[in-house]
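K.L.:
Take this structure, written in structure tokens, and hold onto it; I'll ask about it next.
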């Protein structure tokens, strides 16, 4: 069996930046075990598998597809960058003729629309609730050390903990953090937290003007640090929209690779997440 595979860098238009995802368009379903083995072999934060819902469809003509996401160790419920990459493969390489494609996923229907040189994803919004920082003392210490923290929130639906650094911190504090991901994982085994967002308000006079910055860590899923994370922005986008009083925001995830996300809160309790992509590899998996 031969399976096509693409590596697509997302939330960037520059090769080797943003977040890479491996994408496999499949003519037929594989076993869950095989999906996991391929994802482990690709060894990226996510490998996504696209399959047709209607056998008479092709990747060029189809409007709706099934989509699943796997880290090197497990299947996940929601992944932004691999959804963006999957749409890019359909539109750029399979020459899909529709302006919008819809993926049926564990998180319901997710639509992606071509817009200029990029794509807009319609995602669920996952508002976090404010928490008592003392309940997460150990995990905060492992994440940000002795740096001042202004807010701590938890999205129970996604199990993502949001830690907001104080406004007195600048971007260099966030980028300079040496997060002990082994300590993160060891001090949180209750299952209440499965990902940590560390975020910071953007400066008013920055160029380009980013409304907020973030980094994201998910060692519980085999991902020490994820370079650019669409799903985390369903949480941080909701948080910062309320804090800033804005529905449209520009965000930057400042990992070593870095990536830019355009966010817009919708009136139906969902969020549009837009970004660009660049394909850096095209090949074949031979089984």
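K.L.:
For helix 32-42, report the angle its Cα long axis makes with the longest principal axis of the Cα atoms of the chain; keep it between 0 and 90° and round to the nearest 10°.
P.N.:
For helix 32-42, the angle is close to 70 degrees.
K.L.:
For mean projected area of the Cα convex hull in nm², pick the label among (1) 17.6; (2) 20.5; (3) 14.5 that corresponds to the value derived from the coordinates.
P.N.:
So the calculated entry is the one marked (3).
K.L.:
Using a 10 Å cut-off on Cβ atoms, rank the peptides 183-191, 10-18 from the highest mean neighbour count down.
P.N.:
Peptide ranking by packing, descending: 10-18, 183-191.
K.L.:
Determine the calculated [θ] at 222 nm for the chain from helices alone, applying -39500 (n - 2.57) to every DSSP H run no shorter than 4 residues and normalising by the residue count; nearest 500 deg cm²/dmol.
P.N.:
-5000 deg cm²/dmol
K.L.:
Can I ask one more? Quote the relative contact order of the stretch 1-84 in percent (integer), defining contacts as alpha-carbon pairs under 8 Å separated by 6+ residues.
P.N.:
28
K.L.:
Given the peptides 37-47, 193-203, arrange them by the average over their residues of other C-beta atoms within 10 Å, most packed first.
P.N.:
193-203, 37-47
K.L.:
Given the chain, what percent of its DSSP beta bridges are antiparallel, to the nearest 5?
P.N.:
If I count the DSSP bridges inside the chain, around 80 percent turn out antiparallel.
K.L.:
Give the peptides 227-235, 170-178, 119-127 in descending order of average Cβ contacts within 10 Å, highest first.
P.N.:
Put in order of decreasing packing, that is 227-235, 119-127, 170-178.
K.L.:
Report the residue, chosen from 60, 73, 158, that carries the largest GNM mean-square fluctuation when the chain is represented by alpha-carbon nodes joined by springs under 10 Å.
P.N.:
Looking only at 60, 73, 158, the biggest GNM fluctuation is shown by 60.
K.L.:
Would you mind calculating the relative contact order of the chain from Cα pairs under 8 angstrom and at least 6 residues apart, reporting the percent as a whole number?
P.N.:
23
K.L.:
Going by C-beta contacts inside 10 Å, put 240, 69 in order with the fewest on the left.
P.N.:
240, 69
K.L.:
Give me the percent of DSSP beta bridges within the stretch 177-268 that run antiparallel, rounded to the nearest 5.
P.N.:
Taking every DSSP beta bridge with both residues in the stretch 177-268, the antiparallel ones total about 80 percent.
K.L.:
Using only the Cα atoms of the stretch 1-102, build the gyration tensor, take square roots of its eigenvalues as a ≥ b ≥ c, and label the shape rounded, prolate or oblate: rounded if a/c is under 1.5, else prolate if a/b is larger than b/c, else oblate.
P.N.:
Note, shape of the stretch 1-102 comes out oblate.
K.L.:
What length, rounded to one decimal in nm, is gained on full extension from residue 117 through to residue 95, with 0.36 nm per residue of separation minus their alpha-carbon distance?
P.N.:
Fully extending the segment from residue 117 to residue 95 adds 6.5 nm.
K.L.:
Post the alpha-carbon centroid distance, the stretch 49-97 to the stretch 102-137, in whole angstrom.
P.N.:
Using only Cα atoms, the two centres lie 17 Å from each other.
K.L.:
Next up: Taking neighbour Cβ counts within 10 Å as the exposure measure, how do 139, 3 sort from fewest upward?
P.N.:
Ascending Cβ contact count within 10 Å gives the list 3, 139.
All of the numbers you see were taken from the coordinates with simple rules; none came from a lab. The structure presented is a predicted model; accordingly, all values stated were derived computationally and were not measured. Positions of Cβ are backbone-derived with ideal geometry, glycine not excepted, and every protein chain shown enters the neighbour counts.
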